[in-house]
Amino acid sequence: MSRDLALGRMKAGRMNQTEAAYARLLESQKQAGDIVWYAFEGMTFKLADNTRYTPDFNVMRADGLMEIHEVKGFWRDDGRVKIKVAAEMFPFRFIAVKKCAQKDGGGWEREIFE
């Protein structure tokens with residue numbers, strides 16, 4: 001069995017349902033002119049020897065600000081550490097987004113790491 005399947009993760013380059021829903025939101029923001037570009041797993045950051053972080057989405061806002069968006073259903077132990085380290089090392093705004101339940105009004109909850 002592959003390591004990806006054993007961990008319950010999708011293969012690299014494939015979105016899960018939550019990431020696909022977020023991609024639809026980004027596409028609507030692009031059509032509205034709020035963002036000019038986004039890419040799924042478009043960059044990998046080297047945090048240390050043998051430690052890399054590939055965020056879910058790279059997003060360029062209409063004002064030119066580059067953001068890194070991480071879509072989360074829940075955090076694994078190393079996930080929060082990696083995004084915090086990356087936010088300290090690189091000149092981008094790192095944002096974690098979590099889909100809110102419909103019973104709670106839907107939408108997306110955001111947590112900014114700077």
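Laboratory data are not the source of any read-out in this text; all were calculated from the coordinates shown. Just so it is clear, the structure is predicted and the values come from calculations on it, not from any experiment. Virtual Cβ from ideal backbone geometry, glycine too; neighbours counted across all protein chains shown.
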Only Lys, Arg (+1) and Asp, Glu (-1) charged, at Cβ; the chain dipole about Cα centre in debye: 340
Measuring from label point to label point, each 7 Å out along Cα→Cβ, what is the Leu65 to Glu111 span in nm? 2.0
Cβ-Cβ FRET estimate between Lys30 and Asp77, R0 fixed at 22 Å, reported to 0.05: 0.10
Among Ala48, Gln102, Gln31, the residue whose Cα sits farthest towards the positive end of the charge dipole of the stretch 17-113 (+1 at Cβ of Lys and Arg, -1 at Cβ of Asp and Glu, taken about the Cα centre) is Gln102
If r is the Cβ-Cβ distance from Asp104 to Lys46 and R0 is 35 Å, what FRET efficiency results, to the nearest 0.05? 0.40
